[in-house]
Amino acid sequence: QVQLVESGGGLVQAGGSLRLSCTASGRTFNNYAMGWFRQAPGKEREFVATISWTGSSTLYADSVKGRFTISRDNAKNTVYLQMNSLKPEDTAVYYCAASRRYHGTNMNAYDYWGQGTQVTVSS
């Protein structure tokens, strides 16, 4: 069992930055690929970014490429999402997820999920 706790969300003006953190407990963190997903009001949950077990590989949604950066610190059992040049359309609840065997964009392949952190970008 892996417990994931997100933090770092909040209210920011368009063009601003936030850094989300997700800390894991329960099992060996570097056994899991990690992902960030988001869900805006009235919309389905969507993929944002993912990072492989060692951090050597990352993938991004086209909508955030060049603005968001995913990283991990296995010594701290934490994955980060640095979000720059935020836009109102980035407003959503952001979730981190962990997968033992999968590193990709399919949310159904992730085994564990956090409870989410709200990000609101004002125009």
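The values are calculated or read from the model by the stated rules, or taken from the named source; none is laboratory data. These numbers were taken from a predicted model, which means no experiment stands behind them. No Cβ is skipped: glycine too gets one built from the backbone with ideal geometry, and neighbour counts run over all protein chains shown. Only protein heavy atoms, including side chains, enter the accessible area calculation; ligands, DNA and RNA are left aside. Shrake-Rupley method; radii C 1.70, N 1.55, O 1.52, S 1.80 Å.
When the stretch 33-55 is filtered for residues that are surrounded by 18 or more Cβ atoms within 10 Å (Cβ to Cβ) and among the aliphatic types (A, V, I, L, M), the ones remaining, listed by number, are A33, M34, V48, A49, I51. The single condition from (1) at pLDDT 95 or above; (2) on the phi > 0 side of the Ramachandran plot that W113 fails is (2).
Looking only at the stretch 82-91, count every residue that is touching a Ser or Thr at 6+ places or on another chain (Cβ under 7 Å) and surrounded by 14 or more Cβ atoms within 10 Å (Cβ to Cβ) and tell me the total. The number of residues fulfilling the criteria is 5.
Answer yes or no as to whether N74 is in contact with a Lys or Arg (Cβ under 8 Å, 6 or more places away or on another chain), under 20 Å from Q3 (Cα atoms) and modelled with pLDDT under 95. The answer is no for N74.
Has the stretch 76-90 got any residue that is among the hydroxyl-bearing types (S, T, Y) and either closer than 15 Å to N106 by Cα or in contact with a helix residue (DSSP H, G or I) (Cβ under 6 Å, 6 or more places away or on another chain) (or both)? Scanning the stretch 76-90 turns up no residue that is among the hydroxyl-bearing types (S, T, Y) and either closer than 15 Å to N106 by Cα or in contact with a helix residue (DSSP H, G or I) (Cβ under 6 Å, 6 or more places away or on another chain) (or both). Among the residues of the stretch 18-32, the one identified as in contact with a strand residue (DSSP E or B) (Cβ under 7 Å, 6 or more places away or on another chain), outside any strand (DSSP E or B) and surrounded by 13 or more Cβ atoms within 10 Å (Cβ to Cβ) is Y32.
When A49 is tested against (1) closer than 13 Å to D90 by Cβ; (2) in contact with a helix residue (DSSP H, G or I) (Cβ under 7 Å, 6 or more places away or on another chain), just one condition goes unmet, and that condition is (2).
Kindly evaluate A14 against the criterion of being surrounded by fewer than 18 Cβ atoms within 10 Å (Cβ to Cβ) and touching a Pro at 6+ places or on another chain (Cβ under 9 Å). Steps first, please.
Numbers: surrounded by fewer than 18 Cβ atoms within 10 Å (Cβ to Cβ): yes; touching a Pro at 6+ places or on another chain (Cβ under 9 Å): yes.
Here the answer is yes, as A14 does meet what is asked.
Restricting attention to the stretch 64-81, the residues that are open to solvent by less than 60 Å² (accessible area, probe 1.4 Å) and not in a loop (DSSP other than H, G, I, E, B) add up to 9.
Taken as a whole, the stretch 92-108 holds no residue that is under 23 Å from Q13 (Cβ atoms), in a loop (DSSP other than H, G, I, E, B), touching a residue at least 24 places away in the same chain (Cβ under 8 Å) and open to solvent by less than 30 Å² (accessible area, probe 1.4 Å).
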